[in-house]
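Below you'll find the structure, written out as structure tokens, and then a few comments.
The values are calculated or read from the model by the stated rules, or taken from the named source; none is laboratory data. Just so you know, these numbers come straight off a predicted model, no measurement behind them. Note that we place each Cβ from the backbone using ideal geometry, even for glycine, and neighbour counts take in every protein chain shown. Areas reflect the complete protein model, heavy atoms only, side chains present, ligands, DNA and RNA absent. Shrake-Rupley method; radii C 1.70, N 1.55, O 1.52, S 1.80 Å.
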Amino acid sequence: MSTTPGHRSLFPRIFILYCAILLIALAAMELTMASAVRSNSIDSLRKSLEIQAELIARSVPFRAPAPLDGLCAEFKETTHARVTVVAPDGRVLGDSDHESATMDNHHDRIEIRQADLQGTGMAIRHSNTLDSDQLYVARRISRNGTLFGFLRLSVPLREVNAAVNALRIKVILTVSGILLATGLFSVWQIERVRRLTVQIRDFASAVAAGQLGKRLF
């Protein structure tokens, strides 16, 4: 039985093509799933922080003469988040992690500006000090129609990122195994069909050659 170079090169061509398709499909699936999981996790965390901010805001004396750093530190023990109290003009009235008197004006912070316009605001920024992305959630606090200020909670996204990365590895391993097994089976089937086609071709050629020989004699 003979095979032409074109037939012999069919198998590696198909295998290489399938590997390329596998990598593209895997990358697209991984990016889509990881992005969706991270987005959903951050959204759930944002809603939780908004609820906590609304609850603890009832106990915040925005017009107290003394800094509210101690009170913010107490809130942090229950919320497990950094707590910042901001005046309507952006002055920091209290913070659980830093001395509020030394902090910059927060009026231009994205989450504060959003909260001023919409009631709540959110922003994600990287903290060089903590070497982690931080989620900031701010809530506008009004009483009897009067703006008293803003309450902001922030948490690191290390756990969210770690969970997403763990899921990403599981997805890559699982999908790679499934696609690789499916691909090898498909390529094996294609190679089997190719061999069968070659056999049929050779048989037809032999039959044709035999008939031709009979006609010559």
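Heavy-atom surface analysis with a 1.4 Å probe gives the chain a carbon and sulfur content of 61 percent of its accessible area. H80 sits with roughly 150 Å² accessible to a 1.4 Å probe, with DNA, RNA and ligands left out of the calculation. The loop-placed GluC sites (Glu not before Pro) in region 65-161, going by DSSP, that have at most 15 neighbouring Cβ atoms within 10 Å of their Cβ come out as E99. Computed over the Cα atoms of region 66-217, the ratio of the radius of gyration to the Kirkwood radius (Rg/Rh) comes to 1.64. In this structure the chain gives 63 Å² per residue of accessible area when probed at 1.4 Å with all protein chains present.
The overall shape of region 132-175, judged from the alpha-carbon gyration tensor, is prolate: a/c is not under 1.5, and a/b is greater than b/c.
Charged side chains reduced to their Cβ positions (Lys and Arg at +1, Asp and Glu at -1) give region 75-148 a dipole of some 340 debye around its Cα centre. Using C-alpha pairs below 8 Å separated by at least 6 residues, the relative contact order for the chain is 20 percent.
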